[in-house]
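Each remark here refers to the structure printed beneath this line.
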Amino acid sequence: MQYRGLNELREAYLAYFESKDHLRLPSFSLIPQNDASLLLINSGMAPMKPYFTGEQEPPRHRVTTCQKCIRTGDIDNVGKTARHGTYFEMLGNFSFGDYFKREAIHWSWEFLTDVVGLDADRLYPSIYEDDEEAFAIWHNEMGIPSERIFRFGKADNFWEHGSGPCGPCSEIYYDRGEKYGCGKPSCTVGCDCDRYMEVWNNVFSQFDNDGKGNYTELKQKNIDTGMGLERLAVVVQDVDSLFEVDTVRNIMKHVEEIAGVTYHSNHESDVSLRVITDHIRSTTMMICDGVIPSNEGRGYVLRRLLRRAARHGKLLGINRPFLVDICGTVIRESGDAYPELVRSRSTSGR
Ligand code: GLY
């Protein structure tokens, strides 16, 4: 494979979409602007809702970003499993009333196979159950046999997060092989186990949800793509989880050094190492964007994450303030992609 490191994969993606006339924008702040429906930005499209609805004119009708995202809905599972995390980076290519399904599908396949070098025989598209237009593109234009194209209903293949632009989607799954599977005879694309991993999500964003479940057709048809950067890295690096991805692993190694423990030596310390590693990523990014610990709203989210990280430090036997040192590693690993981290070093880390 051509690109392996998380930082390389991010750059490869953004450069590929620049070559397709997209404007590369820096990540938006984690603090939503003029959007009372969100405490923190949780997807690549969230900061661009007014471009999707046509309310605001975008700087270009094709945009690509790598967006910092926080989702804390599963916070209690973070650490207990190697799957859950609160912070991730979302790669996205967006069309605001410009290209639609055809280009989005062609480019997603070309990026994964030609640019990243994933084996096409291990990739499986899915479509929204009755989206015959997407089916025809996958089948007739991309040459994917119909039995390799999976049809899923609203629970899986209709993307929406709170109110705003949403729509049916077409995903791409990667078969990571039997070693990651559950072994059940029924195991296939869509199974809950770790074998078939969804890497790419092409959302055909054409509706507006008013937040009460009423959908209206948007004035324009859009593309909203989401590909979790860490997930892509998990697949490319053929590692068990996001905690084994190169940059994330380097952060955990620093925690291991300070605590004098090694990952995979004991269940309890593994939980603590994962909690600290995940939470230090999210809190460094939040503080960098100006969130301050408090008793409410996003400040409370930050306070909770910091407290959990500190408590797990104690459980590992660390008896001094140490999170600030780990922040320095987060800044080192991600500072090239997010220069704001380097600029605000004195607020978030050493
Ligand atoms: N906005 C599309 C996604 O996050 O999958």
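What follows is calculated from the coordinates using simple rules that are stated; it is not laboratory data. It should be emphasised that the depicted structure is a prediction, and the values quoted were computed from it without experimental measurement. Please note: Cβ atoms are built from the backbone with ideal geometry, for glycine as well, and neighbour counts cover all protein chains shown.
Of all DSSP beta bridges located in the chain, what percent are antiparallel, nearest 5? Each step should come with its number before you reach the end.
Numbers: 38 of 44 bridges.
Bridges in the chain that DSSP calls antiparallel: roughly 85 percent.
Once backbone amide H atoms are built at 1.01 Å from N, Q67 has M90, L91, G92 as its partners under 5 Å, excluding neighbours fewer than 5 places away on the same chain.
Quick check: residue separation of E11 and R148 times 0.36 nm, minus the Cα distance between them. What number comes out in nm? Spell out each step's value before the answer.
Numbers: separation 137, 0.36 × 137 = 49.32 nm, distance 3.00 nm.
Length gained between E11 and R148: 46.3 nm.
Pull out the extension gain between R343 and D156, defined as 0.36 nm times the separation in residues minus the alpha carbon to alpha carbon distance; nm, one decimal.
Working: separation 187, 0.36 × 187 = 67.32 nm, distance 3.97 nm.
Between R343 and D156, full extension yields 63.3 nm more.
For the chain, the longest principal axis of the Cα atoms and the long axis of helix 6-18 meet at an angle of about 30 degrees.
Highest-first packing order for the peptide set 37-44, 25-32 is 37-44, 25-32, based on the mean count of other beta carbon atoms within 10 Å.
Give K49/K253; K68/K179; K20/K219 a once-over and call out the pairs whose C-alpha atoms are over 27 Å from each other. Those over the limit are K49/K253; K68/K179.
How do H106, H84 rank when sorted from fewest to most other Cβ atoms within 10 Å of their own Cβ?
Values: H106 15, H84 19.
Listing H106, H84 from fewest to most nearby Cβ atoms yields H106, H84.
Ordering of 144-152, 280-288 by packing is 280-288, 144-152, highest average first (other Cβ atoms within 10 Å, averaged per residue). Applying both filters, DSSP loop and at most 16 other Cβ atoms within 10 Å, to the trypsin sites (Lys or Arg not before Pro) of segment 1-30 gives R4, K20. For D98, nonlocal amide neighbours, meaning residues 5 or more places apart or on other chains whose placed amide H falls under 5 Å from its own, are I223. Applying the criteria of a DSSP loop state and at most 13 other Cβ atoms within 10 Å to the GluC sites (Glu not before Pro) of segment 223-302 yields E296.
R304 to H106: FRET efficiency via 1/(1 + (r/R0)^6), r the Cβ-Cβ distance, R0 56 Å, to the nearest 0.05? Don't skip to the answer; put the middle values down first.
Values: r = 43 Å, r/R0 = 0.77.
Calculated value: 0.85.
Could you tell me the calculated FRET efficiency between R24 and R83, based on Cβ-Cβ distance and R0 = 30 angstrom, to the nearest 0.05? Step by step, r from the Cβ atoms, then E = 0.50.
With R₀ fixed at 30 Å, the C-beta to C-beta distance from V239 to A136 puts the FRET efficiency at about 0.25.
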